[in-house]
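Note sheet for the following structure.
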Amino acid sequence: MPDIAAFAAQSPTSDLAETRIHRGEPAAHEVAIDIEYCGVCHSDLHTARDDWGGTKYPCVPGHEIVGRVVKVGSAVSKFAVGQRVGVGCMVDSCQTCSSCEAGLEQYCETGMTGTYNGSLPEGGYTFGGYSKHIVVRQEFVLSIADTLDPAAAAPLLCAGITTYSPLRHWGVKAGDKVGVVGLGGLGHMAVKLAAAMGAEVTLFTTSPGKAVDAKALGASRVVISKDRAQMKAVRGELDFILNTVAAPHQLDPYLMALSLDGVMVMVGLPDEAHPAPGMGPLIMKRRSLAGSLIGGIKETQDMLDFCAEHGIVSDIEMIRMDEINTAYERMLKSDVKYRFVIDMATL
Ligand code: NAP
Ligand code: ZN
């Protein structure tokens with residue numbers, strides 16, 4: 001197969017720009033996909049700029065991929081040419097460890113392979129969805145219902161599953177009082193999904209201008225997190241909080257909003273540590289602080305089916321591939337409503 005067009009960062013400080021990458025022909029168990037849309041996750045920005053360390057360059061981000069199958073390997077049984085499919089944050093794992101056997105490939109004991117910047121056993125590393133085309137083993141390809149708008153469904157592959165998985169794992173159910181911190185890509189999906197599960201949702205935001213949108217997305221209450229009186233007014237009220245913020249911040253005010261045995265789950269992964277939480281807020285009401293990484297493949301398909309059933313997709317702003325650098329700057333200013341999606345026809 002000839003080399004294909006992609007958009008890459010060449011260093012932590014360079015803008016992303018067009019380049020060419022190599023993709024092989026699909027092996028027996030692999031599916032070749034022409035990419036139609038790719039969502040823009042804050043993790044793309046963290047990785048492109050080496051916020052977490054370990055980025056390999058050139059770096060082609062993108063792990064919210066939707067496209068059409070164009071070729072399948074001889075052993076592929078799950079997918080056919082022409083079918084609309086998705087690829088999320090992982091493209092491989094060992095498939096045999098206890099985590100993989102439990103459908104928790106994201107916690108694979110030998111390490112899953114990320115869709116981008118993931119090391120390959122034969123050497124080299126993976127390139128993500130800011131490209132025309134991708135080849136993925138069938139176990140890591142998801143079916144996308146025809147009833148879902150394909151561009152708006154793309155962010156479900158990361159923002160959707162990253163918020164759905166902890167809501168399910170901690171058993172959020174109808175009537176529960178759920179807090180969501182940050183109304184960005186992950187946060188707006190968390191609000192929609194928790195509301196669809198029947199929870200009563202409180203949105204914590206640093207952006208007062210997002211309050212009206214938060215209610216339209218399904219929140220019943222909005223708390224401006226910089227306002228101490230508003231934070232004090234919700235103390236001890238919530239059963240569960242999902243914290244999606246991409247920057248270091250004080251955790252205690254949110255822990256204090258939890259009731260007895262309440263849990264705050266962190267999914268945001270800033271480049272610097274949060275100030276350490278006080279032990280008082282944890283001890284006094286037996287609260288927990290936890291973390292969660294994306295979700296397994298079966299759970300991702302469950303989430304896509306849940307979204308198809310409830311008519312849930314992301315609220316997106318479509319961009320051209322060459323607008324990606326401006327989109328990153330806007331993301332850093334919390335100025336996204338609520339997920340950028342790249343129209344890959346513009347590459
Ligand atoms: P995003 O769209 O940029 O949203 C983050 C939101 O956090 C912003 O919209 C803003 O909401 C709030 N925020 C930003 N700066 C803040 C600050 N200094 N203090 C308080 N709130 C602030 O990002 P995203 O794509 O949703 O990703 C969020 C984080 O999750 C990133 O760190 C990303 O790498 C991580 N992530 C983790 C996983 C996982 O598996 N755990 C998966 C995907 C992404 P308001 O304007 O409402 O305050
Ligand atoms: Zn992501």
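The values are calculated or read from the model by the stated rules, or taken from the named source; none is laboratory data. Computed from a predicted structure; not experimentally measured. Please note: Cβ atoms are built from the backbone with ideal geometry, for glycine as well, and neighbour counts cover all protein chains shown. These accessible areas exclude ligands, DNA and RNA; they are computed on the full protein's heavy atoms, side chains included. Shrake-Rupley method; radii C 1.70, N 1.55, O 1.52, S 1.80 Å.
When only Cα pairs below 8 angstrom with a gap of at least 6 residues are kept, the range 160-291 shows a relative contact order of 21 percent. Per-atom-type breakdown for the chain gives carbon and sulfur 53% of the accessible area (1.4 Å probe, protein chains only). Per-residue Karplus couplings for the range 205-218, computed as 6.51 cos²θ - 1.76 cosθ + 1.60 with θ equal to phi - 60°, are listed in order as 9, 8, 10, x, x, 8, 4, 5, 4, 4, 5, 5, 6, x Hz, Gly and Pro entered as x. With respect to the chain, whose longest principal axis is taken over its alpha-carbon atoms, helix 159-169 is tilted by about 60°. Residues in the range 127-143 carry Karplus couplings, in order, of 10, x, x, 7, 7, 6, 7, 8, 10, 9, 5, 4, 4, 10, 9, 10, 8 Hz; the curve used is 6.51 cos²θ - 1.76 cosθ + 1.60 with θ = phi - 60°, and Gly or Pro positions show x. In the chain, the DSSP-assigned H stretches of four residues or longer account for a calculated mean residue ellipticity at 222 nm of -6000 deg cm²/dmol, using -39500 (n - 2.57) per stretch and the full residue count as denominator. For the chain, the longest principal axis of the Cα atoms and the long axis of helix 297-310 meet at an angle of about 70 degrees.
If you line up the long axis of helix 185-196 against the longest principal axis of the chain, both from Cα atoms, how many degrees apart are they, to the nearest 10? Around 70 degrees separate the two axes. Beta bridges assigned by DSSP with both partners in the chain are antiparallel in approximately 55 percent of cases. Ignoring lysines fewer than eight residues from residue 215 along the same chain, the ones with Cα atoms less than 16 angstrom from its Cα are 177, 192, 337. Remark: the range 160-291 carries 42 Å² of accessible area per residue (probe radius 1.4 Å; ligands, DNA and RNA excluded). Across the chain, C-alpha contacts under 8 Å between residues 6 or more apart give a mean separation that, scaled by the residue count, equals a relative contact order of 18 percent.
Among the trypsin sites (Lys or Arg not before Pro) within the range 62-164, not one is in coil by DSSP while having at most 12 neighbouring Cβ atoms inside 10 Å.
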